[in-house]
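The values are calculated or read from the model by the stated rules, or taken from the named source; none is laboratory data. Quick caveat, the model's predicted, so the values are computed rather than measured. Because the Cβ atoms are built from the backbone with ideal geometry, glycine has one as well, and the counts that use them run over all protein chains shown. For accessibility, only protein heavy atoms count, side chains too; no ligands or nucleic acids. Shrake-Rupley method; radii C 1.70, N 1.55, O 1.52, S 1.80 Å.
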Amino acid sequence: MGEIRSPYFSLGQYYYGDNPDIHSPYFSYGGEDYHGDNAEIHPPYSSAGDYHGDNAEIHQTYSSAGNYFGDNAEIHSPYSSAGDYLADNTEIHSEALFHQDIYGNSYNAQQFVNRNVQRQARVDSIHEQESDVCIYRVGGALRKSNGAMYSPQQISIGPIHHGNRNLHFMERKKSEYYEQFWKDRVSKERERKGAEDEFWVALGEDENKIRQCYEVGFHRKKISQRFLDLILYDAVFIFELFLKYREGREKYIKDSVLKETWLRLAIRRDLILLENQLPFFILDKLYGLLPGNIKGENTEFITLACSYFKPHLPSNFTPGAKKPLHFTDLVRSLLSYSRKGKSVELIKSFHSATKLRQAGVSFKVPREHDCLLDVEFSRRLRTEFQIPQLEINGNTESLFRNLVALEKRFYRGQEYISHYINLLSILVVKPKDAKLLMKNKIVTYYKDEVAVRDLIYSLASNTTDLHSCYHGIFSTVDDYYKSSWAKNPAYFVEEFFGNFWKGVGTVDTWSLPLSHFLDLSLGSFCVLCPLSVSRSLYVSNPPLFIAFVIIVVDLDLDSDGISLVLVL
């Protein structure tokens with residue numbers, strides 16, 4: 001092979017064996033000169049590409065990996081998308097310039113154009129497939145903060161956690177549910193084999209679509225038969241689980257899985273995990289193949305799924321025409337659907353729960369609300385912050401972390417769950433803020449206020465954006481806080497009378513100099529402030545009233561003392 005040149009880079013070759021080792025002076029070279037039979041090329045700014053031939057290994061980062069189909073390496077400029085190599089010799093593509101000088105091979109310009117068109121079509125197809133990915137492993141800072149929150153504890157659903165040895169117990173239960181489903185449900189209505197065959201045909205028709213829902217690395221590693229078998233077993237388990245649950249406690253209490261409360265909760269927790277999902281569309285399609293007598297009143301799968309999750313996530317959510325991506329997406333809709341369409345703007349000011357309480361704001365659980373995120377601030381009869389009750393349990397952190405991970409990728413600008421967490425973190429700054437919310441039943445937890453504050457702080461560490469769908473509420477609260485005279489005495493009381501002994505010390509400190517002042521100025525007498533005057537002072541000048549109501553100088557006629565008393 002001769003020397004290969006690209007006008008965008010001065011690429012040279014130093015040939016010592018059967019294939020070239022190629023260096024690019026544009027970036028520092030990360031590999032070594034080639035002296036053997038197979039070339040290895042390591043540009044330091046590239047990610048690994050897929051090698052399917054007999055020779056060179058190619059690594060790239062700023063271009064999508066190309067597929068190698070010939071006997072030698074294909075090298076791409078890091079500023080171009082990968083193309084497929086279809087000849088026997090090295091080909092270099094550069095998007096920066098059309099012209100390339102290639103020595104040792106003939107090259108037709110029209111072929112170059114055609115291949116570029118084909119290559120672009122393949123790249124567009126890859127991008128389209130990547131856009132279909134909705135089930136993936138949570139990575140980066142989210143997993144680093146607490147990776148266990150994204151991994152199943154009892155049951156794996158889908159290919160990402162399939163084969164985990166810690167989950168073998170529920171794999172056996174899946175087999176039991178599979179037999180019960182076909183034998184006890186479907187066989188009563190129709191022949192089992194025919195029904196199973198329908199499921200297999202439906203899965204086969206959508207196999208590629210199902211695979212494209214999973215990120216690269218998880219949908220390619222299983223052959224067709226095994227992959228579809230995995231999807232079928234998991235889908236049937238979900239159907240049987242939901243149907244048993246719909247039949248009520250009398251039925252499922254006899255079930256070896258559902259009779260255990262802790263296991264029911266653990267399974268529900270695992271079914272919400274972002275990494276532990278089946279695409280919703282295939283569950284919906286398979287459920288539609290079931291006879292009507294099996295489905296009962298839940299003629300659509302989404303209503304059956306909602307009936308499973310709603311009891312623990314109260315919501316008035318009504319399924320719309322648009323189907324969710326999977327259960328994680330469905331649960332997000334259950335919790336946040338009332339915020340949909342709300343404008344998102346920057347929060348400019350905020351105050352903690354205790355500061356607002358001191359300013360006259362009360363906290364209350366609304367009698368009626370649409371979903372957990374249905375927060376309101378009312379100034380009608382009373383100034384109230386109305387917040388639906390949040391029941392914290394062992395699975396709450398996992399729930400919110402997975403919903404936040406989903407929003408970061410699929411709901412940019414509509415991160416309503418993240419906005420709710422930020423709202424809680426603004427209200428709960430100190431344990432005393434959490435205690436106030438717990439006292440008013442806004443938050444329930446078997447642990448103390450410190451644990452609540454720590455949990456909210458931990459969740460909020462991954463939701464630092466101060467843009468929120470609650471910006472209107474924060475603005476109204478701030479206007480009230482600034483206009484309310486109550487904030488002044490509230491601050492006064494907080495600073496000087498935070499506890500009993502601090503208040504006693506404050507009174508004692510003020511009493512002595514004031515008594516001397518009044519003794520010199522007014523002489524020896526007692527001032528009694530009647531009820532009407534007290535109320536008048538309270539209405540006309542509340543801060544002055546607060547200041548005087550605490551002044552008590554002991555009456556001592558023998559020492560010409562003075563006593564100021566305000567009758568309330």
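Please enumerate the residues belonging to the stretch 301-331 that are assigned to a helix (DSSP H, G or I), small (Gly, Ala, Ser) and open to solvent by 10 Å² or more (accessible area, probe 1.4 Å). Let's see the steps before the verdict.
Taking the stretch 301-331 and keeping what is assigned to a helix (DSSP H, G or I), we get 301-312, 327-331.
Pick out the ones that are also small (Gly, Ala, Ser) and you get 305, 307.
Of everything in the stretch 301-331, just one residue is assigned to a helix (DSSP H, G or I), small (Gly, Ala, Ser) and open to solvent by 10 Å² or more (accessible area, probe 1.4 Å), namely Ser307.
Considering the stretch 171-213 alone, what residues qualify as being touching a residue at least 24 places away in the same chain (Cβ under 8 Å), under 22 Å from Ser256 (Cβ atoms) and not basic (Lys, Arg)?
Scanning the stretch 171-213 gives Ser175, Glu176, Tyr177, Tyr178, Gln180, Phe181, Trp182, Val186.
Of the conditions (1) at pLDDT below 95; (2) farther than 23 Å from Phe309 by Cβ; (3) of a type in the set (Gly, Ala, Ser), Ser256 satisfies every one except a single condition; which number is it?
(2)
How many residues are in contact (Cβ under 8 Å) with a residue 40 or more places away in the chain and either open to solvent by 60 Å² or more (accessible area, probe 1.4 Å) or among the aliphatic types (A, V, I, L, M) (or both) when one looks only at the stretch 149-169? Full working, then the answer.
Let us first name the residues in the stretch 149-169 that are in contact (Cβ under 8 Å) with a residue 40 or more places away in the chain, namely 149-162.
Imposing the further condition that a residue be either open to solvent by 60 Å² or more (accessible area, probe 1.4 Å) or among the aliphatic types (A, V, I, L, M) (or both) reduces the set to 149, 153, 155, 157, 160, 162.
Adding up the residues that qualify gives 6.
For Asn276, only one of the following conditions fails: (1) within 29 Å of the chain's Cα centre (by Cα); (2) open to solvent by 30 Å² or more (accessible area, probe 1.4 Å); (3) polar (S, T, N, Q). What is its number?
Asn276 satisfies every listed condition except (2).
Evaluate the following for Gln212: is it open to solvent by less than 60 Å² (accessible area, probe 1.4 Å) and of a type in the set (S, T, N, Q)?
Numbers: open to solvent by less than 60 Å² (accessible area, probe 1.4 Å): yes; of a type in the set (S, T, N, Q): yes.
So Gln212 fits the description; yes.
Any residue at all in the stretch 407-422 that's polar (S, T, N, Q) and at pLDDT below 95?
Taking the stretch 407-422 first, the residues polar (S, T, N, Q) are 414, 418, 422.
Filter once more, keeping what is at pLDDT below 95: 414.
Yes, because at least one residue in the stretch 407-422 is polar (S, T, N, Q) and at pLDDT below 95.
Is it true that Leu403 is open to solvent by 20 Å² or more (accessible area, probe 1.4 Å), among the hydrophobic types (A, V, I, L, M, F, W, C) and within 17 Å of the chain's Cα centre (by Cα)? Let's see the steps before the verdict.
Numbers: open to solvent by 20 Å² or more (accessible area, probe 1.4 Å): no; among the hydrophobic types (A, V, I, L, M, F, W, C): yes; within 17 Å of the chain's Cα centre (by Cα): yes.
In short, no.
Test Tyr480 against the stated conditions and say whether it is modelled with pLDDT of 50 or more, touching a strand residue (DSSP E or B) at 6+ places or on another chain (Cβ under 7 Å) and either open to solvent by less than 30 Å² (accessible area, probe 1.4 Å) or among the aromatic types (Phe, Trp, Tyr) (or both). Break it down stepwise before answering.
Working: modelled with pLDDT of 50 or more: yes; touching a strand residue (DSSP E or B) at 6+ places or on another chain (Cβ under 7 Å): yes; either open to solvent by less than 30 Å² (accessible area, probe 1.4 Å) or among the aromatic types (Phe, Trp, Tyr) (or both): yes.
For Tyr480, the condition - modelled with pLDDT of 50 or more, touching a strand residue (DSSP E or B) at 6+ places or on another chain (Cβ under 7 Å) and either open to solvent by less than 30 Å² (accessible area, probe 1.4 Å) or among the aromatic types (Phe, Trp, Tyr) (or both) - is met.
Conditions tested, residue by residue: (1) open to solvent by less than 30 Å² (accessible area, probe 1.4 Å); (2) within 22 Å of the chain's Cα centre (by Cα).
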| site | (1), (2) |
| --- | --- |
| Glu345 | no, yes |
| Lys348 | no, no |
| Ser352 | yes, no |
| Ser378 | yes, no |
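Run Gly296 past the list (1) of a type outside the set (Ser, Thr, Tyr); (2) open to solvent by 20 Å² or more (accessible area, probe 1.4 Å); (3) without any contact (Cβ under 8 Å) to a residue 24 or more places away in the chain and report the number of the one that doesn't hold.
In the conditions (1) of a type outside the set (Ser, Thr, Tyr); (2) open to solvent by 20 Å² or more (accessible area, probe 1.4 Å); (3) without any contact (Cβ under 8 Å) to a residue 24 or more places away in the chain, Gly296 misses (3) alone.
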